[in-house]
Amino acid sequence: MSAAAAPDRVFKSVGRPISEEAQTSVLVRCSCGSVEMKVYGAPITSAVCYCDTCQIGSRELEALPNARPVQDEDGGTAYVMHRSDRVAYSKGVELLSPLKIDETATRRVFASCCNSAMVMRFDDARHWVALYRARFESEAPALEFRICTKFKSATAAIPNDVPRSAMYPPGLIVKLIKAKIAMILSAPLAASVDR
Ligand SMILES: [Zn+2]
Ligand SMILES: [Zn+2]
């Protein structure tokens with residue numbers, strides 16, 4: 001049996017069918033290729049965040065030796081939000097390092113091999129994770145929101161390409177709730193980021 005035909009072991013059988021859509025995966029890599037993540041199915045959404053914590057986190061990540069930019073010129077950081085059960089590290093998990101910003105319930109995970117920002121996560125068991133959109137390269141899904149713009153610097157000019165919101169727009173919250181419901185109703189997948 002060829003490797004390509006082998007069943008994907010990331011999925012745990014729990015007696016319910018897994019949709020074809022959920023089995024379609026995209027490979028997301030650090031810039032040197034030592035760390036790989038597999039992302040299954042369509043994203044919840046893709047958004048640029050301007051909050052203080054994301055600005056600090058991205059600046060700190062970009063300050064690591066040889067790190068590539070993760071922040072746009074206007075100070076925003078672009079993410080792709082995915083269900084936490086549809087993201088799995090498939091290579092180089094031992095190379096991951098957390099970046100913790102004081103007094104926030106978030107952590108940013110980067111690949112220590114080349115200091116590529118990979119994931120932004122919450123410390124609680126939230127049902128979604130935010131992957132750094134830069135990692136998707138040409139396969140990055142289209143942006144849908146610019147959020148938390150009240151924290152942007154006074155001089156930053158934010159593009160008018162997608163809806164902008166001072167904080168969290170209802171459209172984004174609805175998408176997150178729908179993802180939670182879909183997660184409860186659909187076959188749970190074993191894939192998960194645990195760091
Ligand atoms: Zn790397
Ligand atoms: Zn943010």
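The values are calculated or read from the model by the stated rules, or taken from the named source; none is laboratory data. Here the structure is a predicted model, which means the values were calculated and not measured. Positions of Cβ are generated from backbone atoms using ideal geometry, with glycine treated the same way; all protein chains shown enter the neighbour counts.
For the stretch 91-111, the count of residues that are under 15 Å from the mean Cα position of the chain (by Cα) and among the charged types (D, E, K, R) is at least one. Pairs linking a residue in the stretch 99-113 that is more than 18 Å from Cys49 (Cβ to Cβ) to a residue that is within 12 Å of ligand 1 (Cβ to nearest atom) and in a strand (DSSP E or B), with Cβ atoms under 9 Å and 6 or more positions apart or on different chains, are Ala111/Arg29; Ala111/Leu96; Ala111/Ser97; Ala111/Ala117; Ala111/Met118; Ser112/Leu96; Ser112/Ser97. Looking at Glu103, is it within 16 Å of ligand 2 (Cβ to nearest atom), among the acidic types (Asp, Glu) and in a loop (DSSP other than H, G, I, E, B)? So Glu103 fits the description; yes.
When the stretch 110-137 is filtered for residues that are part of a loop (DSSP other than H, G, I, E, B) and at negative phi, the ones remaining, listed by number, are Ser112, Cys113, Cys114, Asp123, Asp124, Ala125, Arg126, His127.
If you check Ser138, Ser116, which single one turns out to be of a type in the set (S, T, N, Q), more than 21 Å from Ala63 (Cβ to Cβ) and either crowded, with 18+ Cβ neighbours inside 10 Å or under 16 Å from the mean Cα position of the chain (by Cα) (or both)?
Working: Ser116 fails: more than 21 Å from Ala63 (Cβ to Cβ).
Criteria check complete, one pass: Ser138.
Hey, among the residues in the stretch 72-90 that are under 12 Å from the mean Cα position of the chain (by Cα) and among the polar types (S, T, N, Q), which one's farthest from Leu27 (Cα to Cα)? If we take residues in the stretch 72-90 being under 12 Å from the mean Cα position of the chain (by Cα) and among the polar types (S, T, N, Q), then Thr77 is farthest from Leu27 (Cα to Cα). Right, Ser153: buried (at least 16 other Cβ atoms within 10 Å of the Cβ), touching a residue at least 40 places away in the same chain (Cβ under 8 Å) and of a type in the set (S, T, N, Q) or not? No; evaluated as a whole, the condition is false for this residue.
Say whether the condition of being in contact with a Phe, Trp or Tyr (Cβ under 6 Å, 6 or more places away or on another chain), more than 16 Å from ligand 1 (Cβ to nearest atom) and basic (Lys, Arg) is met by at least one residue in the stretch 85-94. Checking the stretch 85-94: at least one residue is in contact with a Phe, Trp or Tyr (Cβ under 6 Å, 6 or more places away or on another chain), more than 16 Å from ligand 1 (Cβ to nearest atom) and basic (Lys, Arg). Considering the stretch 138-163, and only residues there that are polar (S, T, N, Q) and not in a loop (DSSP other than H, G, I, E, B), the residue that is farthest from Leu27 (Cα to Cα) turns out to be Thr149. Being at pLDDT 95 or above and buried (at least 22 other Cβ atoms within 10 Å of the Cβ), is that true of even one residue in the stretch 21-31? Scanning the stretch 21-31 turns up at least one residue that is at pLDDT 95 or above and buried (at least 22 other Cβ atoms within 10 Å of the Cβ).
Each residue in the stretch 160-176 was checked for being surrounded by fewer than 12 Cβ atoms within 10 Å (Cβ to Cβ) and out of contact with any Ser or Thr (no Cβ under 9 Å at 6 or more places or on another chain), and 5 of them qualify.
A single entry from Ala63, Ala42, Ala78 fulfils the requirement of being at pLDDT below 95, among the hydrophobic types (A, V, I, L, M, F, W, C) and either more than 16 Å from ligand 2 (Cβ to nearest atom) or buried (at least 17 other Cβ atoms within 10 Å of the Cβ) (or both): Ala42.
Is there a residue being modelled with pLDDT of 95 or more and of a type in the set (Ser, Thr, Tyr) anywhere in the stretch 178-195? No, the stretch 178-195 contains no residue that is modelled with pLDDT of 95 or more and of a type in the set (Ser, Thr, Tyr). Taking the criterion of being charged (D, E, K, R) and more than 17 Å from Arg29 (Cβ to Cβ), the residues of the stretch 109-137 that qualify are Arg121, Asp123, Asp124, Arg126.
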